[in-house]
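Each remark here refers to the structure printed beneath this line.
The values are calculated or read from the model by the stated rules, or taken from the named source; none is laboratory data. These numbers come from a predicted model, not from an experiment. When we count neighbours, we look across all protein chains shown, and the Cβ atoms used for this are built from the backbone with ideal geometry, even at glycine. Just so you know, the surface numbers come from the protein's heavy atoms only, side chains and all, with ligands and any DNA or RNA stripped out. Shrake-Rupley method; radii C 1.70, N 1.55, O 1.52, S 1.80 Å.
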Amino acid sequence: LGILLAELFQLRYEYTAGVIAVLSLEPTRKRSIRSAVLRILDSLLALGIAAGLFALFGYDFWVLLIFITMLVPLTFLFRLETGLVVALVLVSQIYLEKDVAFALNALLILLVSLTLAFALNLYMPKHDQIIQRSIDTIDHAMDEAIQAISLSRPVDFSTIHEDLKQAKNTLLLDIENHYLVQTDQRILYLEVRQNQLQILEKIQEKLAHIPEIPEKAIVLNYLQSFKGKIGKANYALPLKEQLKKLLDDFKVAPLPKSRDEFENRAELFHILLEMENFLNLKLRYHERY
């Protein structure tokens, strides 16, 4: 398409238009606009320097080397490096034709290419179904992780971490393309799950060092009540009410008779406080959405 458009406008070096159009395609609209601006600015800088040098000193090879020696550091100084390759290609038209007037041809080639690339970047598919499936997978995996912890089974959290990372990356693409409120909501949801996952990892580690005492069985039984309640709906409120009763029971229970019993019960009490943080994260999410 780039080549055909350049041919339509009777521009020379039409193949360059196609190459620049391909180079200018980006994963998101936001990046497409940014790279287009940088390429235009660096190309204007390059064509201006090149036109001045060639007009003053002619089209000898050493003049081209001076041009490159000047352009590269200036490009990085002004943080325009995204446009460096395109700028060098466009200046080659002036050098090969030995005619400063080809700066206009180069600029028109650039505009045709960038306009085409941006038009193609306007079509960006939404990832709604993919993201929702990822969220459902994460919720289900966290539900299973809590049940495994309640049964004193080891849990590998690495897969959930990876699923969270991939889902957030997909959401960030949607933000740059569509700027949807729903996307912001999902970002917050995944951040809640990420923070909850860190809490579960700490709980699993603490439980592993506590012997099988009656108080531990009570805490594990409470964790089992989470089964089927990790999802978008607000299950956190009834679970927190249940947790409040457990915390009150711990506070009025008879004092421990030994140091080991004291330490174990203190750890279990701390685990319940961690679960309170776990639930508060979800409750704050529901306060906002």
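Could you grab the pairs with beta carbons closer than 9 Å, sequence gap of 6+ or different chains, first residue in the stretch 1-24 and within 15 Å of R39 (Cβ to Cβ), second one assigned to a helix (DSSP H, G or I) and among the basic types (K, R)?
I20/R39; L23/R39; S24/R39
Is it true that some residue in the stretch 222-234 is more than 36 Å from the chain's Cα centre (by Cα) and in a loop (DSSP other than H, G, I, E, B)? Spell out the reasoning first.
Going residue by residue through the stretch 222-234, those that are more than 36 Å from the chain's Cα centre (by Cα) are none.
No, there is no match, as no residue in the stretch 222-234 is more than 36 Å from the chain's Cα centre (by Cα) and in a loop (DSSP other than H, G, I, E, B).
List every residue pair whose Cβ atoms lie under 6 Å apart, where the two residues are 6 or more positions apart in sequence or sit on different chains, the first residue falls within the stretch 219-248 and is within 21 Å of L151 (Cα to Cα), and the second residue, located anywhere, is among the hydroxyl-bearing types (S, T, Y) and open to solvent by 80 Å² or more (accessible area, probe 1.4 Å).
Pairs that qualify, where the first residue is within 21 Å of L151 (Cα to Cα) and the partner is among the hydroxyl-bearing types (S, T, Y) and open to solvent by 80 Å² or more (accessible area, probe 1.4 Å), are K229/Y235.
Filter the stretch 235-272 down to residues that are aliphatic (A, V, I, L, M) and within 18 Å of A208 (Cβ to Cβ) and give me whichever is surrounded by the fewest Cβ atoms within 10 Å (Cβ to Cβ). Can you show your working first?
Kept after step one, since they are aliphatic (A, V, I, L, M), are these residues of the stretch 235-272: 236-237, 239, 243, 246-247, 252-253, 255, 266, 268, 271-272.
Going one step further and asking which of them are within 18 Å of A208 (Cβ to Cβ), we end up with 266, 268, 271-272.
On the way: A266: 12, L268: 21, I271: 23, L272: 18.
Checking each candidate, the answer is A266.
Only residues that are free of Cβ contacts under 8 Å to residues at least 60 places away in the same chain, open to solvent by 10 Å² or more (accessible area, probe 1.4 Å) and under 27 Å from the mean Cα position of the chain (by Cα): list them for the stretch 137-156, please.
T137, A141, E144, V155, D156 - these are the residues of the stretch 137-156 that are free of Cβ contacts under 8 Å to residues at least 60 places away in the same chain, open to solvent by 10 Å² or more (accessible area, probe 1.4 Å) and under 27 Å from the mean Cα position of the chain (by Cα).
Does any residue of the stretch 265-286 turn out to be over 18 Å from Q147 (Cβ atoms) and touching a Pro at 6+ places or on another chain (Cβ under 9 Å)?
Looking through the stretch 265-286, at least one residue is over 18 Å from Q147 (Cβ atoms) and touching a Pro at 6+ places or on another chain (Cβ under 9 Å).
Out of the stretch 1-50, which residues are small (G, A, S), surrounded by 17 or more Cβ atoms within 10 Å (Cβ to Cβ) and either in a helix (DSSP H, G or I) or over 30 Å from the mean Cα position of the chain (by Cα) (or both)? Let's see the steps before the verdict.
Of all residues in the stretch 1-50, those small (G, A, S) come to 2, 6, 17-18, 21, 24, 32, 35-36, 43, 46, 48, 50.
Within this subset, residues satisfying the condition of being surrounded by 17 or more Cβ atoms within 10 Å (Cβ to Cβ) are 2, 6, 17-18, 21, 24, 32, 35-36, 43, 46, 50.
Answer for the stretch 1-50, where residues must be small (G, A, S), surrounded by 17 or more Cβ atoms within 10 Å (Cβ to Cβ) and either in a helix (DSSP H, G or I) or over 30 Å from the mean Cα position of the chain (by Cα) (or both): G2, A6, A17, G18, A21, S32, S35, A36, S43, A46, A50.
Being open to solvent by 50 Å² or more (accessible area, probe 1.4 Å), acidic (D, E) and outside any helix (DSSP H, G or I) is the requirement here; does E205 meet it? Explain how you work it out, then say what you get.
Values: open to solvent by 50 Å² or more (accessible area, probe 1.4 Å): yes; acidic (D, E): yes; outside any helix (DSSP H, G or I): no.
When the stated conditions are applied, E205 does not pass them.
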